[in-house]
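Read the structure below first, then the notes.
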Amino acid sequence: ASNIDVKCRVSGGSSILSIVEDGKYVKKGDELVTLDSSSIEDKINSQTITFNQAKSSLVEATTAVEVANISVKEYLQGVYKQELQTADANITIYMENLRSAQNSLEHTKKMFRKGFVSVLELESQQFNVKHSQLNLETAKTAKEVLEKFTRAKTLADLNSKVKQAEAKLDSVKAQYELEKNRLAEFKDQLKFCTIKAPQAGMVVYANPRSRWGQQSGQIEEGSTVRERQTIIQLPDLERMQVKVTVHETKVEKL
């Protein structure tokens, strides 16, 4: 009345290496069938290599994202500040040089009016003032370019590298999960090669028969079984059915 079908769950089917004898009473958890697992083991070995490569790529991609984010912080909190400080220092230096050149020019003008210095010396001091003014303007322009353009351009480039690294990480993560799931599937398939009794019962080989009642295959060691093909049936001997034929003349007596 109650039968449990024990089926082949190996993808693509397999061949029977060993099987418990027909008619034997087994307990729950007893080993019933061992299927050939050689091809699955080869797949596991190959997939393990592929999975490890995906794992290595994941570590590399994760590190790349971390490095890209650190580069942004490094520029804002380190390189940019240092460049800005250098620009301010240059401005301060050139301002001091200009002040010194202007003082020297004023002194030279006084000496020139008194006849103590030549025109050439006066012109030289005037050139020093102009040179100091140009240096100061250049330093101010450099700071302005740094604040308005260089900072924005560098940040845009660094943030772009962060986004690229994150996009690659997402792709690598998807590949990693795919290879991980494939390896898990192969390992599950390996488990399916050992079939144990889901309940106690008597082993009955599920030998298929054709539509005319003839046996079309044989469940035995060495035979090949398809995926989802029933190999064994385990009837519960505590719940039995009997099918009988009764002559029509006896029907009224039932």
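The values are calculated or read from the model by the stated rules, or taken from the named source; none is laboratory data. On a predicted model such as this, the values are computed, not experimentally measured, just so you know. So basically every Cβ, Gly included, is an ideal-geometry build from the backbone, and we count neighbours across all protein chains shown. Side chains are part of the model used for accessible areas, which takes the heavy atoms of the whole protein and leaves out ligands, DNA and RNA. Shrake-Rupley method; radii C 1.70, N 1.55, O 1.52, S 1.80 Å.
Structural remarks
- Kirkwood Rh in Å, taken over all unlike Cα pairs in region 49-158: 18.0
- Split the chain at each of the chymotrypsin sites (Phe, Trp or Tyr not before Pro) in a DSSP loop with at most 13 other beta carbon atoms within 10 Å, and the longest piece is 1-115.
- Solvent accessible area, Å² - K173, 1.4 Å probe, full protein context: 100
- Over the Cα atoms of region 36-87, the radius of gyration divided by the Kirkwood radius equals 1.53; this is the Rg/Rh ratio.
- Rolled with a 1.4 Å probe across the full set of protein chains, the surface gives L134 an accessible area near 110 Å².
- Note that region 166-183 has calculated 3J(HN,Hα) couplings of 5, 5, 5, 5, 4, 5, 5, 4, 4, 5, 4, 5, 5, 5, 5, 5, 4, 5 Hz, one per residue in order, obtained from phi through the Karplus relation 6.51 cos²θ - 1.76 cosθ + 1.60 (θ = phi - 60°); glycine and proline are x.
- In Å², nearest 10: area of R239 left accessible to a 1.4 Å probe: 140
- Angle between the chain longest axis and helix 119-145 axis [Cα atoms, degrees, rounded to 10]: 20
- Share of carbon and sulfur in the accessible area of the chain stands at 50%, probe radius 1.4 Å.
- Across region 199-204, computed HN-Hα scalar couplings (Karplus, 6.51 cos²θ - 1.76 cosθ + 1.60, θ = phi - 60°) run 7, 6, x, 9, 6, 10 Hz from first to last residue, x flagging Gly and Pro.
- Net charge dipole size for the chain [Lys, Arg +1 and Asp, Glu -1 on Cβ; Debye, nearest 20]: 780
- The count of lysine pairs in region 115-238 that are at least 8 places apart or cross chains, and whose C-alpha atoms lie under 22 Å apart, stands at 14.
- Alpha carbon centroid spacing (whole Å) that separates region 165-202 from region 60-80: 36
- Kirkwood-based Rg to Rh ratio, region 155-254, C-alpha trace: 1.40
- Under-5 Å amide H pairs with K7, H placed in peptide plane, nonlocal only: I231
- Taking Cα Rg over 2.2 N^0.38 Å as calculated from this structure, the corresponding entry among (1) 2.48; (2) 0.94; (3) 1.07 is (1).
- Sequence-separation-based contact order of region 43-199, relative, with Cα cut under 8 Å and 6+ spacing, percent: 46
- Interchain or long-range residues, amide H under 5 Å from T194's placed H: L35
- Taking a ≥ b ≥ c as the square roots of the eigenvalues of the alpha carbon gyration tensor, region 85-229 is prolate, as a/c is not under 1.5 and a/b beats b/c.
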